[in-house]
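Please read the structure below before turning to the comments.
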Ligand code: AMP
Ligand code: GLY
């Protein structure tokens, strides 16, 4: 099979690593890919992930049998539709179905229509009305920019000043651009967060492990929300009993609901969840692609070939693919640039990559790096590396991941020291 991966971040590096290990794959390409992905895939740095015409042309000229789309933006822009029209199998939903992630208002209305448990919400386009609403809630709420804001357009608030400040930033200052023209204000849910991955061809579903991200920038879940500072898979909070409820109350109704609404969903449905003390799952968000950095531990721990699942979901043949289990536990620790998730410097030399990768059970996935003039790697993004380790259990995976992190250095390197600590404690 000839496979083309779209994207360039840590998630795509991990996907390419897993896909490249499949016996079914004879050629692997990536657009744009990254310098770090060069060893695994033929990269096309001149073709950007949002250049739909160029991607369709490349998939044709490379005779791709399967295109795997990493990020949400090209999906929301219609990349899957374009590829399908050209007769090319693609893992990832249509633009219509991608609204589940691209518009939080669409997702909330979808869940209400299909009785999928989620936080109560209201949608606002008017600043004064939004302000009056958060004040009525005494500021205990979650304020979200409606459009795509790279996982960062969300403020979890506990008092009136903070909630009004978040509204002002989004609606008045337009910190997230046009995404802030409409905001969703939600009930603040309490509990343990996890994400769950359902691969589907539109009717059949096969599930991968649950994972847990660490979204805040600083230890102890303090600081700003980021794209994710580390992750563990599987997430112990998703017990067998929780998973059963999750499938019955969320996953199956969502897949059936999308089909019933005339926007059948194919690809991976990422269910972001809050699980309360009684084990009741409620949906925080849907994403229409794999999580980043959750994909890094997920790919490291999967015990089998992912490619037949991806191809089955893309072609309606999921029923013929063998489900893939998970071995042990995997932990990913993100090494970020100082300043992330706000502005940060780039071009800083990275040392210790080879020594880190030599540690047992470790893979270092690159999120924001590039080749430096001296042949080594330097920083080129906010999230720089996802140092990922597999172990028999959480303790071992954690120990291995942090031992590998301790080998790596760049100026201003920032990491959380408590990834997977809470699941270990609790
Ligand atoms: P989102 O972009 O919707 O995933 O939100 C980012 C993060 O904000 C989530 O992972 C949660 O940590 C938090 N969050 C979002 N919605 C809620 C909610 N209704 N209640 C509590 N926390 C939330
Ligand atoms: N790590 C959160 C996400 O991928 O949305």
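Overview of values
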| quantity | calculated |
| --- | --- |
| The chain: relative contact order in percent, alpha carbon pairs under 8 Å with at least 6 residues between | 16 |
| Distance from the range 304-371 to the range 88-164 (C-alpha centre basis), Å | 28 |
| Sorted largest first, extent of the chain alpha carbons per principal axis (Å) | 57, 48, 42 |
| Mean Cα-pair separation over length for the range 363-426, i.e. relative contact order, pairs under 8 Å, 6 or more apart, % | 24 |
| The range 183-206 versus the range 380-413: alpha-carbon centroid distance in Å | 27 |
| Stokes-Einstein translational diffusion, the range 121-269 - Kirkwood Rh over all Cα pairs, 0.890 mPa s, 25 °C, in µm²/s | 143 |
| Most mobile listed residue (415, 269, 135) in the chain, GNM with C-alpha springs under 10 Å | 135 |
| Percentage relative contact order, the range 168-210, counting C-alpha pairs under 8 Å, at least six apart | 23 |
| Rounded D (µm²/s) - the range 1-80, Kirkwood Rh over Cα pairs, Stokes-Einstein at 37 °C, 0.692 mPa s | 271 |
| Fewest-first sequence of 379, 203, 295 by Cβ atoms within 10 Å of each Cβ | 203, 379, 295 |
| Rg(Cα) / (2.2 N^0.38 Å) computed for the range 340-402, rounded to two decimals | 1.25 |
| Estimated Rh, the range 301-426: Kirkwood, alpha-carbon pairs, angstrom | 16.1 |
| Radius ratio Rg over Rh of the range 315-362, counting only Cα atoms, Kirkwood formula for Rh | 1.20 |
| Rg to Rh, two decimals, where the range 44-142 supplies the alpha carbon set and Rh follows Kirkwood | 1.17 |
| 277, 390 arranged by Cβ crowding within 10 Å, fewest neighbours leading | 277, 390 |
| Over the range 101-154, equivalent-ellipsoid semi-axes from the Cα gyration tensor in Å | 20, 15, 10 |
| Burial ranking of peptide ranges 247-260, 205-218 (average Cβ count within 10 Å, highest at the top) | 205-218, 247-260 |
| Of 334, 184, 384, the one that fluctuates the most in a GNM where the chain has Cα springs shorter than 10 Å | 184 |
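Values in this text are rule-based calculations from the coordinates and carry no lab data. All values reported here derive from a predicted model rather than from experimental measurement. Because the Cβ atoms are built from the backbone with ideal geometry, glycine has one as well, and the counts that use them run over all protein chains shown.
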